[in-house]
Amino acid sequence: MIISVHQPQYIPWLGYIDKIAKSDCFVFLDAVQYKEREFQNRNKVRTKDGWIWLSVPVISKGLGRQRILEVGVDNERDWARQHLKSLEVCYGKAKYFGRYFDFFKEAYAARWEKLCKLNVHIVKFILNEFALSPEIYFESELNIHSTRTDRIIDICARLKADTYLSGAGGREYLEEEKFKAAGIRLVYQDFTHPVYHQQFASGEKSFIPCMSAIDLLFNEGPKSVDILGLGK
């Protein structure tokens with residue numbers, strides 16, 4: 001069984017979805033420390049002038065010591081209405097905007113107290129639209145207390161996985177010899193970003209990669225599955 005893990009990200013990019021697609025089992029690392037200025041509370045969407053961040057404001061008190069599952073959303077700020085408006089401005093004329101926009105209207109109408117729950121809700125929606133249904137677990141429910149490479153190995157052992165699929169960046173910090181000692185095969189993701197019809201792009205040269213996965217969905221709709229190489 002192939003397993004992959006990652007922090008729950010806000011409207012994640014296609015590489016995140018590709019890694020899950022290549023796994024039998026996916027674990028949300030919700031019990032690790034929250035990191036600011038990464039992708040746990042923000043991601044990119046395409047605009048006519050390039051791209052912008054959509055960032056969910058979080059409650060800063062004690063943030064440096066909080067696990068991801070503990071991080072609260074700052075609902076004193078009108079972020080949800082702003083994000084919804086940004087999606088309308090950026091993608092309102094995209095071919096498949098109407099197919100997915102109702103989900104975001106409902107999601108942003110809810111009052112999310114915890115960032116993790118918002119992120120997971122959106123990730124599960126995106127996975128469904130890409131016809132993906134992996135087994136999903138949460139680190140916080142697995143009773144894992146180790147850190148770094150040992151955390152990954154213990155997760156694999158708990159779920160009886162024989163292969164761990166790491167993002168390419170894992171080469172910089174994973175202790176590969178520990179996987180060998182544990183009898184777990186370590187492989188690294190090899191992801192090539194697809195080029196597709198993108199709102200505001202006039203051709204391949206003006207295409208901007210690494211946007212949120214919703215950029216592909218709004219622009220290509222059901223064809224997104226094949227574009228990402230997930231077609232059966």
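Could you pull out the chymotrypsin sites (Phe, Trp or Tyr not before Pro) across segment 142-231 that fall in loop regions by DSSP (anything but H, G, I, E, B) with no more than 15 other Cβ atoms inside 10 Å? Before the final figure, lay out the partial values.
Values: sites: Y164, Y173, F179, Y188, F191, Y196, F200, F207, F218; in loops: Y173, F191, Y196, F200, F207.
Hits after loop and neighbour filter: Y173.
Could you please state how large a percent of the accessible area of the chain is carbon and sulfur, counting protein chains only and using a 1.4 Å probe?
Answer for the chain: carbon and sulfur cover 47 percent of the accessible area.
For segment 1-93, state which GluC sites (Glu not before Pro) are in a DSSP loop and have at most 14 other beta carbons lying within 10 Å of their beta carbon.
Listed in order of number, the matching sites are E36, E38, E76.
Just to be sure I understand the model, the point goes 7 Å from the Cα along the line to the Cβ. What's the resulting N143 to R185 distance in nm?
Using points 7 Å along Cα→Cβ, the separation is 3.0 nm.
For segment 91-135, state which trypsin sites (Lys or Arg not before Pro) are in a DSSP loop and have at most 15 other beta carbons lying within 10 Å of their beta carbon.
Here the trypsin sites (Lys or Arg not before Pro) that fit, given the DSSP loop and packing criteria, are K93, K95, R111.
Enumerate the helices in the chain for which the Kyte-Doolittle hydropathy averages -0.5 or more and the C-alpha atoms extend at least 15 Å along the helix's axis, using complete DSSP H runs.
Correct list, ordered by number: 79-91, 97-109, 115-129, 148-158.
Counting only helical runs of four or more DSSP H residues, what would the 222 nm mean residue ellipticity of the chain come to if each run contributes -39,500 (n - 2.57) and the total is spread over all its residues?
One gets -10000 deg cm²/dmol as the mean residue ellipticity at 222 nm.
Label points 7 Å out from Cα along the Cβ direction at T163 and N75: separation in nm?
So the two model labels end up 4.3 nm from each other.
What lysines could a cross-link reach from K19, if we take a straight Cα to Cα line under 20 Å and drop same-chain neighbours fewer than 8 places away?
In chain and number order, the partners are K44, K124, K160, K223, K232.
By a straight-distance test (C-alpha under 13 Å), which aspartates and glutamates pair with K117 as possible cross-link partners, with residues fewer than eight away in the same chain excluded?
Excluding near neighbours in sequence, the set is D30, E70.
Determine the shape class of segment 100-215: with a ≥ b ≥ c the square roots of the Cα gyration tensor eigenvalues, call it rounded for a/c under 1.5, and otherwise prolate if a/b is greater than b/c, oblate otherwise.
Oblate is the answer for segment 100-215, as a/c is 1.5 or above yet b/c matches or exceeds a/b.
Using a 1.4 angstrom probe, figure out how much accessible area the chain has per residue, in square angstrom, rounded to the nearest whole. Don't skip to the end; give the middle numbers.
Numbers: 11920 Å² over 232 residues.
Ligands and nucleic acids excluded, the figure is 51 Å² per residue.
By the gyration tensor of its Cα atoms, with a ≥ b ≥ c the square roots of the eigenvalues, what is the shape of the chain: rounded for a/c under 1.5, prolate for a/b over b/c, or oblate?
Working: a/c = 2.01, a/b = 1.33, b/c = 1.51.
It is oblate, given that a/c is not under 1.5 and a/b is not larger than b/c.
If the only charges are +1 at each Lys and Arg Cβ and -1 at each Asp and Glu Cβ, what is the size of the charge dipole of segment 51-93 around the Cα centre, to the nearest 20 debye? Let's see the in-between values first.
Values: 7 positive and 5 negative charges, 17 e Å.
Rounded to the nearest 20 debye, it is 80 debye.
Which whole-Hz ³J(HN,Hα) couplings does segment 32-38 yield from phi under the Karplus relation 6.51 cos²θ - 1.76 cosθ + 1.60, θ = phi - 60°, glycine and proline marked x?
8, 5, 5, 10, 6, 6, 10
Given the Cα-Cα distance of R37 and D49 and 0.36 nm per residue of separation, how much length would full extension add, in nm?
The R37-D49 span can extend by a further 2.1 nm.
What are the ³J(HN,Hα) values, in whole Hz, obtained from phi via the Karplus relation 6.51 cos²θ - 1.76 cosθ + 1.60 with θ = phi - 60°, for each residue of segment 3-9 in sequence order, with x given for Gly and Pro?
Those phi angles translate into 10, 9, 9, 6, 4, x, 9 Hz.
Whose amide H sits under 5 Å from the amide H of R185, counting only residues 5 or more places off or on another chain, with H placed in the peptide plane?
So R185 has HN proximity to T163, Y164.
Decide, for segment 1-120, between rounded, prolate and oblate: order the square roots of the alpha carbon gyration tensor eigenvalues as a ≥ b ≥ c, take rounded if a/c falls under 1.5, and otherwise choose prolate if a/b is larger than b/c, else oblate.
Oblate is the answer for segment 1-120, as a/c is 1.5 or above yet b/c matches or exceeds a/b.
The values are calculated or read from the model by the stated rules, or taken from the named source; none is laboratory data. Because the structure is predicted, anything quoted here is derived from the model rather than measured. We place every Cβ from the backbone using ideal geometry, glycine too, and count neighbours over all the protein chains shown. Ligands, DNA and RNA are stripped out before the accessible areas are found, and what is left, the full protein with its side chains, is counted by its heavy atoms. Shrake-Rupley method; radii C 1.70, N 1.55, O 1.52, S 1.80 Å.
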